[in-house]
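Read-outs throughout are calculated quantities, based only on the coordinates presented, and are distinct from any laboratory measurement. Just so it is clear, the structure is predicted and the values come from calculations on it, not from any experiment. Note that each Cβ is placed from the backbone with ideal geometry, even for glycine, and that neighbours are counted across all protein chains shown.
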Amino acid sequence: MDRVIVVRNLWKHYGETAAVKGISFTVHAGEIFGFLGPNGAGKTTTINLLTGLARPDPVPAERPEESTELFVCGINLLKHPRAVQHLLGVVPDENNLYPELSGYENLCFWASLYGIRKKERQERARELLNTVNLTEVAREKFANYSRGLKRRLAIAAALVHRPGLLFLDEPTTGLDVAAARSVRRLITQLHQAGTTIFLTTHYLEEAERLCQRLAFIVSGRLGRIDTVSHLLEPVQGKQFLEVLCGPLPPHFQEVFSRVYPEVSLLVAGPGRFQVEVSPRLKVPALVQFLETEGVEVLEVKRKQASLEDVFVEITGIEAAAIKQEKAKGLP
Amino acid sequence: MKRWIAFWNILMKDVRTYYLKPPNVSWGLLFPLAWTGMFFLRSQANARDILSILTGLVCVSVLFGTTSLLAVTITFEKKNRTFERLLLSPLPLNWLVLAKTSGGILFGLANALVPVLLACFLTDLSKVGWGQFGVAVFLLAVSSTFLGLLIAVSVSEVFEAQAFSNFFRFPMIFLCGLFFPISRLPFFLWPLSFILPPTYGADLLHGAIEGIQLFPGWLDLTALVGFCLLLFFLSLWNIRRRWIL
Ligand SMILES: Nc1ncnc2c1ncn2[C@@H]1O[C@H](COP(=O)(O)OP(=O)(O)O)[C@@H](O)[C@H]1O
Ligand SMILES: [Mg+2]
C-alpha cells in the first residue's frame, strides 16, 4: 500500500512545553486516519508540522540514537517544508476564510492562489458549492453563514486545487447535531471519491465511525495505532458495570482489589467507576460492599465495551474531558 | 504565470475589500486634501511658498497612505488566520508579501497625486523635473510601505501596529526635512534623520521641485533602494521566525 505520510520521531516544543514528543506513524493512501485525543494533546501541532506551518525541532540531545523523518506525499518536509503544499488541502480548527467575501468569491479567490485561470476557477467554485450543498447561499457573505455552513465552505476551500490528501482539524467541534452529521457525510463522500484524509477529533464515536485506522494521542505521545476493529478486539463482547456514586474514600482501589482480586476496576472520575462483568461479581453483593465502605450508590448500569474503554486502557488517563463532550451527544 | 495569477488576485482582493471601501477612499482623499488645503491657505497662494511645501505634503500623503491599511491587510489577517491560509498556498513567501503590500504602495501613490493636482491649479509646475519626481515618489512609497510592513509583522495586535506606525510617522514629519531643512534641526538629531528613509525621498523631491538638494542624487537613490531591500528582507525574516513556528 502507498504510504502518503511517513513520520518518525517528530518533536515540537513551544518554549518549555513539549507539544509533540517523538511521535511516529504512517498514513496509507485512500484511508481516513484519525488522531484521537483530548484538548491540548498535540493534534493541531501535528497538523501544522505536516503542512509546513510549523517546523519540527531536532530530537532532544539525550536521545541521539533516534532521528526525525517527515515525508508527506513522498516529499521530505525536513528539506523542503513548503514544497508539498500544492498537494494538500487543510481545514483548520478555526475558520480562516474572508468574512467580507461571499462563499462563491472565497472559493474563486482561494483557487486563484494555485494559479487556476478565471474561467476554470468559476467552474470549480460552482462545482464545489454543489458538492458541499451550498449553492443556495453562494452569494451570501461568509460572515453571515452559520457555523455548520462555514465549516462546509472551509472544506470546499481546501479542495479547490483537487488535493489527494486532506487534513481536517476537529471538523465537527462546535457544530450542532445536524450540522455535524452533514459534515461527517461530506467526509465519507470525499473518502469514497479517493481522497486520503487525516482527521483529528476528540469525539470517540466520530473516530470509531469515520476512521479506518486510529492513533490515540495524549500529551504529545501516541498510544497504539491500529484499525478500529483491532483496537476493539480485546474488549469485544466484554460488558461493564458502570457505577455512579458519591465521592470514593481514599484507598478505595486497594480495598476493592482485596475483596475482588480478579475483577478489573477503572476509576473514571470522582463519582464514577466501572468494573468488568464477571460471574464472581453479583450486583447486590457489589452494592452491599460499597455501602459498607461508605460509598453512596446512585446508579449501576450494564454497558457494552466501546472504543472509550480501549482508550482509557491504552492511555491510562481519565476520560472525563472526552466524556463531557460526549454528553452533549452525537446523532 | 501561475504566480502572477495568484499575485494579481491577492492584490485585487485587497484593493476591492480594503482600499476601495468608501471610508478608506474618503480618508485617503480627505487627509492629503486637508493638509494641503491648510498649508496652501497659510501660504496665501504665494507661488514660491507653495513649491517649497509641496515636497512635505507629498511625503506626508505617501507616508500615511501607504501605511494606513497595513495593520489590517497584514496584522489583522494574521490574527483572523486568513494570512495562515495564504501561507498554505504554493506561492513563495516573497511573492506573497509583495502581493499583500503592493496595494499599500498603489494607495500611497494615489494619495501623492492629491497635493500635486491641487498645486496645479494654484501655481506653475512647469519647472518640476517629473522624471525625478516620479522615481522619488515611487521609492518613498515602497520604502514607507515596507517600514509599515516590518511594524505589522513584528506585533500581534492590530492596535499595536497602529500605535507603532504613528510612533514612526509623526516624528518623521519633523525629522526628515519635509517642511524645513534638516540643517535647522539640532545637530544631535541628525543621525536620526539619516537613518530614516523619507529623508532621502524628501531630498530627491526637493531637488525635483525646487532644484535644491542636500545629497547627490545617486546617494539618495542608493539609500532608498537599500532601505527598501533591508526592510523587505527583515520583514520576511520576521514572518519566518514569528509566524511559521
Ligand atoms: N503557538 C503556540 N505557542 C505556545 N504553545 C503552544 C502553541 N501551540 C500549541 N501550544 C501548546 O502545545 C500543546 C498542544 O497544543 P495543540 O496541538 O493545539 O493541541 P490540540 O490541537 O490537540 O488541542 C498545548 O499544551 C498548547 O498549549
Ligand atoms: Mg487543536
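What order do you get for B:206-214, A:232-240 when each peptide is scored by the mean count of other beta carbon atoms within 10 Å, highest first? Can you show the working numbers first?
On the way: B:206-214: 18.2, A:232-240: 13.9.
With the highest mean Cβ count within 10 Å placed first, the list reads B:206-214, A:232-240.
For the pair B:Val15 and B:Phe215, how long in nm is the line joining their label points, each one 7 Å along Cα→Cβ?
For the pair B:Val15/B:Phe215, the computed spacing is 3.2 nm.
Fully extended, how many nm does the chain gain between B:Val25 and B:Asn94 (0.36 nm per residue separation, minus their Cα-Cα distance)?
Gain on extension, B:Val25 to B:Asn94, equals 22.1 nm.
Under a cut-off of 20 Å between alpha-carbon atoms, report the lysines in cross-link reach of A:Lys12, not counting same-chain residues fewer than 8 places apart.
Straight-distance partners of A:Lys12: A:Lys21, A:Lys43, A:Lys79.
With chain B treated as a Gaussian network of Cα nodes joined by springs under 10 Å, which of B:Thr36, B:Thr222, B:Thr73 yields the largest mean-square fluctuation?
B:Thr222
Can you figure out the FRET efficiency of A:Glu100 with A:Gln189, using R₀ = 51 Å and their beta-carbon distance, to the nearest 0.05?
After rounding to 0.05, the efficiency reads 0.95.
State the Kirkwood hydrodynamic radius of segment B:2-244 in Å, one decimal place, computed from all pairs of distinct Cα atoms. Please list the in-between numbers first.
Working: mean 1/r = 0.0545 Å⁻¹.
After inverting the mean inverse Cα-Cα distance, the result is 18.4 Å.
With the calculation restricted to Cα positions, what are the radius of gyration and Dmax of the protein assembly as shown in angstrom?
Rg then Dmax for the protein assembly as shown, in Å: 31.3, 108.
If you count, for every residue in B:76-86, the Cβ atoms of partner chains within 10 Å of its Cβ, what is the mean? The partial results should precede the final answer.
On the way: counts 0, 2, 0, 0, 6, 6, 7, 1, 7, 12, 3.
Across the residues of B:76-86, the mean count of other-chain Cβ atoms within 10 Å is 4.
Given a Förster distance of 41 angstrom, what is the FRET efficiency for A:Val263 paired with A:His28, based on the Cβ-Cβ distance and rounded to 0.05? Present the calculation step by step, with values, prior to reporting the outcome.
Details: r = 39 Å, r/R0 = 0.95.
The formula returns an efficiency of 0.55 here.
On the principal axes of its Cα set, how long, how wide and how thick is segment A:239-304? Give whole Å, largest value first.
Answer, in whole Å and largest first: 26, 22, 20 Å.
Counting only the backbone N, which residues of segment B:184-222 are under 12 Å from the spot 7 Å out from the Cα of B:Phe174 toward its beta-carbon?
Inside the label zone: B:185-186, B:189.
Between A:Pro249, A:Pro171, A:Pro56, which gets the highest mean-square fluctuation from a Gaussian network model of chain A, Cα cutoff 10 Å?
Of the options given, A:Pro249 has the highest mean-square fluctuation.
Report Rg(Cα)/(2.2 N^0.38 Å) for segment A:53-114, keeping two decimals.
Working: Rg = 17.0 Å, N = 62, 2.2 N^0.38 = 10.6 Å.
Here the Cα radius of gyration is 1.61 times the empirical estimate.
Sorted from largest to smallest, which semi-axis lengths in Å does the alpha carbon gyration tensor of chain A give for its equivalent ellipsoid, taking the root of 5 times each eigenvalue?
On the way: eigenvalues 357, 120, 53 Å².
Values for chain A, descending: 42, 25, 16 Å.
Running a GNM on chain A with Cα contacts under 10 Å, which residue among A:Ile155, A:Ile23, A:Ile47 ends up with the highest mean-square fluctuation?
Result for chain A, Cα springs under 10 Å: A:Ile23 fluctuates most.
Past the 22 Å Cα-Cα mark, which pairs from A:Lys119/B:Lys79; A:Lys118/A:Lys150; A:Lys118/B:Lys100? Present the calculation step by step, with values, prior to reporting the outcome.
Working: A:Lys119/B:Lys79 32 Å; A:Lys118/A:Lys150 24 Å; A:Lys118/B:Lys100 20 Å.
From A:Lys119/B:Lys79; A:Lys118/A:Lys150; A:Lys118/B:Lys100, over 22 Å: A:Lys119/B:Lys79; A:Lys118/A:Lys150.
Using only the Cα atoms of segment B:168-216, what do you get for the radius of gyration and for Dmax, in Å?
10.0, 28
List the longest stretch of chain A that has no exposed loop site; here a site is one of the GluC sites (Glu not before Pro) assigned by DSSP to anything other than H, G, I, E or B, with at most 16 other Cβ within 10 Å. Walk me through the intermediate numbers first.
Working: sites that count: A:Glu16, A:Glu62, A:Glu65, A:Glu66, A:Glu94, A:Glu100, A:Glu140, A:Glu262, A:Glu293, A:Glu296, A:Glu318.
The reported range is A:141-261.
In nm, to one decimal, how far is the modelled label at A:Val297 from the one at A:His251, with both set 7 Å along Cα→Cβ?
According to this spin-label approximation, the distance is 2.3 nm.
Modelled label-to-label distance, B:Met1 and A:Asp226, 7 Å Cα→beta-carbon offset: nm?
Distance between the two pseudo-spin positions: 5.3 nm.
Relative contact order for chain A using alpha-carbon pairs under 8 Å, separation at least 6, rounded to a whole percent? Could the numbers behind the result be given before it?
Values: 576 pairs, mean separation 64.5, N = 331.
Contact order relative to length: 19 percent.
Please give the residues of segment A:147-176, grouped as numeric ranges, whose backbone N is less than 19 Å from a label point set 7 Å along the Cα-to-Cβ vector of A:Glu127.
A:153-166
By how many degrees, between 0 and 90 and to the nearest 10, does the Cα long axis of helix B:47-67 differ from the longest principal axis of chain B?
The helix B:47-67 is inclined about 10 degrees to chain B.
Give me the extension gain from B:Phe167 to B:Ser126: residue separation times 0.36 nm, minus the current Cα-Cα distance, reported in nm with one decimal.
Working: separation 41, 0.36 × 41 = 14.76 nm, distance 3.65 nm.
Extra length available between B:Phe167 and B:Ser126 comes to 11.1 nm.
Rounded to the nearest 0.05, what FRET efficiency do B:Ser154 and A:Ser67 give with R0 = 41 Å and r taken as the Cβ-Cβ distance? Could you check? Present the calculation step by step, with values, prior to reporting the outcome.
Details: r = 35 Å, r/R0 = 0.84.
E(calc), rounded to 0.05, equals 0.75.
What is the list of residues in segment A:234-253 whose amide nitrogen lies under 14 Å from a point 7 angstrom out from the Cα of A:Gln304, following Cα to Cβ?
A:235-240
Filter chain A for me: DSSP H helices, axial length by Cα at least 24 angstrom, mean Kyte-Doolittle hydropathy not below 1.6. List them by residue number. Could you put the intermediate results ahead of the total?
Numbers: long enough: none.
In chain A, no H run is both long and hydrophobic enough.
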